[in-house]
Amino acid sequence: MFLTVEGVEGAGKSTFIGLLEDALKAQGADVLRTREPGGCALGQQIRPLLLAASQKMDRRAELFLFLADRAQHVAEVIRPALAHGQWVICDRYADSTIAYQGYGRGMDVEALQQLNDHATDGLWPDITFLLDLPVEVGLERALTRNGREGLTQSEGRFEAETLVFHQRIREGFLTRAARWPERFCVLDATRSPEELLQSALQYLKSV
Ligand code: Z5A
């Protein structure tokens, strides 16, 4: 089973994935947790290029770095794990490219859909949990977390973007969820992590 978790900055994906991973393992599932960008050795080299605020980058260059990371990640990590019967939980995947590079940066959404098909050789998730919340709440959470960890808000290229940019991302994710309701499970991410976990487990039981 291939699960992905998506959402705007600070939606709580990492927290949610940690709880879901533990719950599935407690039920006896063999779970592989991974993320994009940076879920394979090549991706770990690409990730700092993509996230460093000091890195100036054309949006097409940015797109192809995300796609290169994904192509290698799918080939080296995700497909082999699925072939071994593991549950894969991935923090961000192709929907992030369409939300960020498409709805956020204004690149052609249908073209990005095809480029993702090409990069992944047609591998789309079985289920995508979309943690949805107002972007102001997510950014505030991320700011608080970064403060705790001694980072400044604008240390990442995406954190430094405007509120309007992040609002377009949220709308982009919701548009995709409406287009593929059989794949997406939209969760109200203003709720507590434990409530989100219970909703997700119930959803998994129902499919
Ligand atoms: N990107 C892209 O443009 N194109 C692509 O194709 C891909 C990605 C794959 C990766 O950033 C960036 O790359 C991302 C999109 C772009 N940039 N943005 N924005 P990243 O991997 O460094 O970070 P992220 O994916 O954006 O994660 P995040 O937003 O920073 O965090 P999160 O995992 O969603 O949240 P968290 O760390 O679990 O929680 C944040 C804080 O909130 C923390 O203090 C928690 O304790 C707290 N929290 C968590 N859940 C809750 C609930 N339910 N209630 C209250 N508080 C909570």
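The values are calculated or read from the model by the stated rules, or taken from the named source; none is laboratory data. Since the model is a prediction, treat every value here as computed from it, not as a measurement. Here Cβ is always computed from backbone atoms with ideal geometry, including for glycine, and neighbour counts include all displayed protein chains. Surface areas here come from the heavy atoms of the whole protein model, side chains and all, with no ligands, DNA or RNA. Shrake-Rupley method; radii C 1.70, N 1.55, O 1.52, S 1.80 Å.
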Residues within region 61-96 that are in contact with a Gly (Cβ under 9 Å, 6 or more places away or on another chain), at negative phi and outside any helix (DSSP H, G or I), tallied: 2
Restricting the search to region 21-36, which residues are open to solvent by 20 Å² or more (accessible area, probe 1.4 Å) and in contact with a Lys or Arg (Cβ under 8 Å, 6 or more places away or on another chain)? Glu21, Arg35
Output for region 75-119, where each listed residue is open to solvent by 10 Å² or more (accessible area, probe 1.4 Å) and either of a type in the set (Asp, Glu) or touching a Cys at 6+ places or on another chain (Cβ under 9 Å) (or both): Ala75, Glu76, Val77, Asp91, Asp108, Glu110, Asp117
Given the condition farther than 27 Å from Thr190 by Cβ and either without any contact (Cβ under 8 Å) to a residue 12 or more places away in the chain or among the polar types (S, T, N, Q) (or both), answer yes or no: does some residue in region 1-19 qualify? no
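Scan region 157-170 and give yes if some residue there is in contact with a strand residue (DSSP E or B) (Cβ under 8 Å, 6 or more places away or on another chain) and either open to solvent by 50 Å² or more (accessible area, probe 1.4 Å) or of a type in the set (D, E, K, R) (or both), otherwise no.
Looking only at region 157-170, we keep the residues that are in contact with a strand residue (DSSP E or B) (Cβ under 8 Å, 6 or more places away or on another chain), and these are 157, 170.
Pick out the ones that are also either open to solvent by 50 Å² or more (accessible area, probe 1.4 Å) or of a type in the set (D, E, K, R) (or both) and you get 157, 170.
Scanning region 157-170, I find at least one residue that is in contact with a strand residue (DSSP E or B) (Cβ under 8 Å, 6 or more places away or on another chain) and either open to solvent by 50 Å² or more (accessible area, probe 1.4 Å) or of a type in the set (D, E, K, R) (or both), so the answer is yes.
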Can you pull out every residue in region 42-60 that is assigned to a helix (DSSP H, G or I) and either within 14 Å of the ligand (Cβ to nearest atom) or within 22 Å of Gly12 (Cα to Cα) (or both)? Gly43, Gln44, Ile46, Arg47, Pro48, Leu49, Leu50, Leu51, Arg59, Arg60
Scan of region 143-171 for residues that are outside any loop (DSSP other than H, G, I, E, B) and over 24 Å from Arg59 (Cα atoms), ordered by number: Leu143, Thr144, Arg145, Asn146, Gly147, Arg148
Six or more apart or on different chains, Cβ atoms under 9 Å: show the pairs whose first residue is in region 160-171 and free of Cβ contacts under 8 Å to residues at least 40 places away in the same chain and whose second is surrounded by 15 or more Cβ atoms within 10 Å (Cβ to Cβ) and assigned to a helix (DSSP H, G or I). Leu163/Val135; Leu163/Leu139; Gln167/Val135
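What residue, of Leu131, Leu196, Leu174, is surrounded by 12 or more Cβ atoms within 10 Å (Cβ to Cβ), touching a strand residue (DSSP E or B) at 6+ places or on another chain (Cβ under 7 Å) and not in a helix (DSSP H, G or I)?
Leu131
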Ala71 fails exactly one of (1) within 13 Å of the ligand (Cβ to nearest atom); (2) out of contact with any Ser or Thr (no Cβ under 9 Å at 6 or more places or on another chain), namely (2)
Which ones in region 97-128 are assigned to a helix (DSSP H, G or I) and more than 12 Å from the ligand (Cβ to nearest atom)? Val109, Glu110, Ala111, Gln113, Gln114, Asp117, His118
Is it fair to say Leu151 is of a type in the set (A, V, I, L, M), at pLDDT below 95, open to solvent by 70 Å² or more (accessible area, probe 1.4 Å) and on the phi < 0 side of the Ramachandran plot? yes
